[in-house]
Structures are given as structure tokens and as C-alpha cells.
Amino acid sequence: MSVIRLLVLAAVRQHGRAHGYQVRNDLEYWGAHEWSNAKPGSIYHALKQLAKQGALVAHETAPSVAGGPPRTEYELTDAGREEYLKLLRTALTTYDQKTDALSAGLGCMVDLPRAEVVALLTERVRAIEAWRAEVTTSYVPEEGPGQFGHIGEIMNFWIHEADSGEEWTRGLIRRIEGGAYTFAGEGEPFVGVLGPGEENPYATGVPDPGDQL
């Protein structure tokens with residue numbers, strides 16, 4: 001799945017309407033540039049592609065009173081909302097060795113109902129169990145040097161990651177079932193984007209490219 005598409009749609013959705021630099025600033029605020037491919041070029045490219053594909057609608061804005069260039073503000077369409085929720089559900093259920101999709105899904109999970117998130121995470125646990133069962137039909141975790149030499153440590157590491165991931169996911173399910181967090185339909189959602197004029201404490205210091213995004 002495309003993690004950058006999920007992240008970009010999530011940021012635009014929280015703002016209602018947002019230009020490219022806002023989206024970039026939010027994703028940097030979330031630390032997404034550290035654990036995903038959310039770099040400036042990929043963010044602006046995703047905005048253009050999502051608009052071209054009908055998931056976003058572009059609104060041209062007037063130049064700022066300070067003399068800055070006009071920007072394009074983006075807003076989700078109905079198709080964009082469907083795409084966002086589809087990507088979010090996939091991020092919460094799919095298991096592989098990469099953590100960027102799950103990280104993005106966790107950051108957006110409160111946009112779904114509590115019961116659905118529990119069901120999706122339960123499905124994720126089953127996916128982990130299925131992955132482990134398939135792998136261990138041909139490979140048994142080894143203690144110390146085995147027939148695969150040091151290469152066997154790769155599989156040992158993957159299996160350990162699967163086991164710890166399953167344990168962590170079950171813990172998250174318990175926390176959610178116990179009432180943690182505010183999910184869709186339960187009240188005012190947590191605001192995870194920067195407000196107008198709010199300084200990003202995690203900014204990298206890269207200047208605004210000043211383009212039309």
C-alpha cells in the first residue's frame with residue numbers, strides 16, 4: 001500500500017483544506033520523514049497525483065498580502081475519503097516486515113469507530129500468526145549457530161519481530177477495549193495537525209520552496 005498517500009490524505013482531512021507546505025509541515029511534525037518516505041518531493045508529487053486522480057480537489061488562492069506567491073489548497077473529495085479509509089484499514093490489518101504502514105495507521109486509527117479498530121487489529125493478529133505458521137513450516141528458530149550459519153539470525157530476527165508485534169498488538173487491543181482514546185462518533189477528536197501560525201517544534205529548517213503548492 002502507499003503510505004505517503006495515506007499520510008497526505010490524513011493531513012488534508014484534518015485541516016479541511018490545506019496547501020502543500022502545511023501538509024509537509026504536519027508530516028514533519030508527526031516525524032513521518034524519519035519512519036516513512038514522506039520527503040518534500042514525494043509529498044508534493046502525491047498531492048498532484050491525488051488531485052489528478054480525483055481524490056483531492058484543488059482550489060487556487062490569491063497571493064498573500066505580504067507579497068508571497070499564490071498557493072493551491074487541497075480538499076478531500078468523496079472518492080478521497082473512501083481512498084483514505086481504505087488505506088487506513090489496510091494499514092491496520094496487513095502484516096509485513098515494514099513498520100511505516102502500521103505507524104501511519106496508528107496515527108489515523110481514531111478516525112474509525114472503536115469496535116472496527118479492534119476488529120481490524122484482531123485481523124492483524126491473525127495475519128501475524130499465519131505468517132509465523134507458514135515460515136516455521138520450513139524453518140525452526142535456532143539457538144546459536146545452526147545449519148544456516150549467521151544467515152539464520154535473519155530469520156530469528158523476523159520471527160522475534162513477529163512474536164513481539166503480536167504481543168504488542170494484543171496489548172493495544174486491550175487498551176482500546178478498556179476505553180483508551182477518543183474514536184469516531186465518541187466526541188471531539190484529537191487534533192494532530194498544527195494550527196494557523198503554530199510553530200513546528202520539529203522543523204528541519206528547510207525553507208518553504210515557495211512553489212504553487
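Read-outs: derived from the displayed coordinates by stated rules, not from any lab. None of the values given here were measured: they were computed from a predicted structure. A quick note on method: Cβ atoms are made from the backbone with ideal geometry, for glycine too, and the neighbour counts reach across all protein chains shown.
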Exercise. Could you order peptides 9-15, 174-180 by the average number of other Cβ atoms within 10 Å of their residues, highest first?
Key: 9-15, 174-180
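By count of other Cβ within 10 Å, fewest leading, how are Thr93, Thr77 ordered? Don't jump to the answer; show the numbers that get you there.
Numbers: Thr93 19, Thr77 16.
The fewest-first ordering by Cβ neighbours comes to Thr77, Thr93.
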Quiz item: Taking a quarter of the surface of the Cα convex hull of the range 113-183, what do you get in nm²?
Solution: 5.3
Quiz item: Over the range 1-126, what per residue volume does the convex hull of the Cα atoms give, in whole Å³?
Solution: 103
Quiz item: Is it possible to state the helix-based mean residue ellipticity at 222 nm for the chain, with each DSSP H run of 4+ residues giving -39500 (n - 2.57), the sum divided by total residues, to the nearest 500 deg cm²/dmol? What is it?
Solution: -17000 deg cm²/dmol
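Can you tell me which of 100-112, 124-136, 188-200 comes out highest on packing, and rank the rest after it, using the mean Cβ neighbours within 10 Å? Before the final figure, lay out the partial values.
Working: 100-112: 20.5, 124-136: 15.0, 188-200: 10.5.
Ranked from most to least packed, the peptides come out as 100-112, 124-136, 188-200.
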